[in-house]
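Only one structure is covered here, and it is reproduced in the block below.
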């Protein structure tokens, strides 16, 4: 989204396996760099040698950005031809180094390193079941529940991928998993394809990543997306696929296209930049207004603003300078400091907006406070009018699948009309993307829009729904 408008990123996963035995640590490191937009709280890398001992995983993880956690000394200690990496923003579990991923498990059959993006809706139930049978948890994250179920299933199956399939039959929710065992790299996507995952290759190195931009960043060739419900297993002999767990109802997260994914990524055959451009065109059709310039809030509002300008014929301009070197913002202790961080991250270019009627395009309004601050900044810089266009519908319901959409009580649209919100944020007009226009963004691809409609793609445990609402 634009500058911290209330949503947070999910997580990013990356895996690499050099069949020729070369070190994959740097490849994973640069892959994580390309996925940094998906999470800035913590990160980690775990690698091992397929020709080495079965308990030989080397790992390093910590709180902060990839560039902060991994310096030359840390990278030099990691060496292996197979491994996984992770960047995290917490949608479940606290911000502690214990909750950083990948998770590394040593058990009787060997070792597993697991990186997970997503959220389970039955994690609490599964966790209690494991605890009552003797499991001792080291973290508070869903990923450890998945890891335990895979490890336990492995004791009674002939392969890791069979164990993964047994675990998939128990867990419910959204997940993209990248798993390295002593001899295999495995990619897993939840049965409805809520979270993205794709396959790439660079020479004889196989790659798995949350987004295609990470494969491009390491000079890899994009092969294809992992299908919903698919388990792909990569060994020295090549790649095999199992799609037995695929669901009849697919439900890709629409917010990948609106905000999460990088504009240079392709997800399930849809280019993210083109999807956002189409969103802007749809906004221009639905909410025309006389104005002098169209601007976007960096980063995910930019392509939608270009689409709006293209359709409307109103010139597109760059009204904001974004400071890319601010670093972590998740440690801001107070709402006031979080609001001040907007001014540090974003500065208005006065000459672009002074004396002009401005159309400002952003991807979402969650609580409304940040949007109001940005509008105030534009008007202080001399903008005569600010007309706000949002490339997503109003948020009305929480997300339970790994997108940090907060409880209903914190969603401004759940308790205020569009006109009330317009007044609260100080806009001269306000237009949200219409729910029925979302399909145009993704060429009819089936998707989950539950945060806008309340139509969840799976049954939710009643106590979880209640708890989320009461968190307020």
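Residue separation of residue 68 and residue 223 scaled by 0.36 nm, minus their Cα-Cα distance, works out to 52.7 nm of gained length. Helix 25-34 and the longest principal axis of the Cα set of the chain meet at an angle near 20°.
Would you kindly state how much longer the chain becomes between residue 77 and residue 435 on full extension, computed as 0.36 nm times their sequence separation minus their alpha carbon distance, in nm to one decimal?
Numbers: separation 358, 0.36 × 358 = 128.88 nm, distance 4.98 nm.
Here the answer is 123.9 nm.
To two decimal places, what compactness ratio does the stretch 92-238 give when its Cα radius of gyration is scaled by 2.2 N^0.38 Å? Mind dumping the intermediate values first?
Numbers: Rg = 15.1 Å, N = 147, 2.2 N^0.38 = 14.7 Å.
Its radius of gyration relative to the 2.2 N^0.38 Å reference: 1.03.
I'd like the per residue volume of the convex hull spanned by the Cα atoms of the chain, given in cubic angstrom. Can you show the working numbers first?
Values: hull volume 63.3 nm³, N = 472.
Output value, Cα hull per residue: 134 Å³.
Label the stretch 186-290 by shape, choosing from rounded, prolate and oblate, from the square roots a ≥ b ≥ c of the eigenvalues of the Cα gyration tensor; if a/c is under 1.5 it is rounded, and otherwise prolate applies when a/b is larger than b/c, oblate when it is not. Oblate shape, in that a/c is at least 1.5 and b/c is the bigger or equal ratio.
Just check the stretch 148-214 against the gyration tensor rule for me: Cα atoms, a ≥ b ≥ c as the square roots of the eigenvalues, rounded for a/c under 1.5, and otherwise prolate or oblate depending on whether a/b exceeds b/c.
Details: a/c = 3.19, a/b = 1.33, b/c = 2.40.
Oblate.
The distance linking the stretch 169-188 with the stretch 128-142 is 19 Å (Cα centroid to Cα centroid, whole angstrom). Helix 335-345 axis versus longest C-alpha principal axis of the chain: approximately 80°, rounded to the nearest ten.
Compute the relative contact order of the chain as a whole-number percentage, counting only Cα pairs closer than 8 Å that sit 6 or more residues apart in sequence. Mind dumping the intermediate values first?
Numbers: 1167 pairs, mean separation 70.9, N = 472.
Averaging sequence separation for qualifying contacts and normalising by length gives 15 percent for the chain.
Projecting the alpha carbon convex hull of the stretch 232-285 along each direction and taking the average yields 5.7 nm².
The listed peptides 423-429, 140-146, ordered by packing as a protection proxy, come out as 140-146, 423-429 (highest mean of other Cβ atoms within 10 Å first).
What is the angle, in °, between the Cα long axis of helix 142-154 and the longest principal axis of the Cα atoms in the chain? Nearest 10 is fine, range 0 to 90. It is inclined by approximately 30 degrees.
Coordinate-derived values only; no laboratory data. Quick caveat, the model's predicted, so the values are computed rather than measured. With ideal geometry, Cβ positions are generated from the backbone for all residues, glycine too; neighbour counts draw on all protein chains shown.
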